[in-house]
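Visitor: Quick one: the structure is below, and I'll ask about it shortly.
The values are calculated or read from the model by the stated rules, or taken from the named source; none is laboratory data. Computed from a predicted model, the values in this text were never measured in an experiment. Virtual Cβ from ideal backbone geometry, glycine too; neighbours counted across all protein chains shown.
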Amino acid sequence: MRAREVLAKLEELEREHYVSPIRFAAVHSGSGNADEATTFLETAYERHEDDLLEQNTNAVWDPIRHDSRFQNLVRRLGLHRALRTSIERSLTVLHNDRLNSTATSRVSDRLAI
């Protein structure tokens, strides 16, 4: 299905049900239309859409990820900090697991003597 057809279906669905602007933005992003995509993402931001929290990691945004408006939105959402914090926590856990594994190994080696 082409982007125009998908947008037409979303508009039709929107007449009877709520459709998040993020859905429209995703279609525009997929077709490389950064102007429309970021406009709909801004609307979603103004409406405090919950799905915006996924924007930094969702591959659907790859075509517009380089756009300064998208990057600005990500900064305003604080996602870059949240992602960095998540990565730092994961690295800390991995580091601690490695230290615990090494310490356990040393104790086991000593007990085997």
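Visitor: Quick check: anything in the stretch 17-31 exposed (fewer than 12 other Cβ atoms within 10 Å of the Cβ) and at pLDDT 90 or above? Explain how you work it out, then say what you get.
Guide: As a first pass, look at the stretch 17-31 and keep what is exposed (fewer than 12 other Cβ atoms within 10 Å of the Cβ): 17-18.
Among the residues that remain, those that are also at pLDDT 90 or above are: 17-18.
Yes, that holds for at least one residue.
Visitor: Check every one of the helices (runs of 4 or more DSSP H) wholly within the stretch 1-58 and list those with 2 or more residues that are closer than 21 Å to LEU77 by Cβ. Give the derivation first.
Guide: Details: elements: 3-14, 21-30, 34-46.
Those helices (runs of 4 or more DSSP H) span 21-30, 34-46.
Visitor: Sticking with this structure for a sec: Can you list residue pairs whose Cβ atoms sit under 7 Å apart, with the first residue in the stretch 61-73 being over 16 Å from GLU46 (Cα atoms) and the second being of a type in the set (Gly, Ala, Ser)? Count only pairs 6 or more apart in sequence or on different chains.
Guide: TRP61/SER29; PRO63/SER29; PRO63/GLY30; PRO63/GLY32; ILE64/SER29; ILE64/ALA34; ILE64/ALA37; ASP67/ALA34
Visitor: Starting from the stretch 40-59, take each residue that is within 13 Å of ALA26 (Cα to Cα) and list its partners that are hydroxyl-bearing (Ser, Thr, Tyr), counting only C-beta distances under 7 angstrom and pairs at least six apart or across chains.
Guide: Listed by first residue and then by second, the contacts come to ALA44/SER20; ASP51/SER20; LEU52/TYR45.
Visitor: Moving to a separate point now. How many residues are at pLDDT 85 or above and either of a type in the set (Asp, Glu) or in contact with a Leu (Cβ under 6 Å, 6 or more places away or on another chain) (or both) if we restrict to the stretch 63-104?
Guide: So the first thing to find is which residues in the stretch 63-104 are at pLDDT 85 or above, and the list is 63-76.
The next check asks that each one be either of a type in the set (Asp, Glu) or in contact with a Leu (Cβ under 6 Å, 6 or more places away or on another chain) (or both); those that pass are 67, 73.
So the answer is 2.
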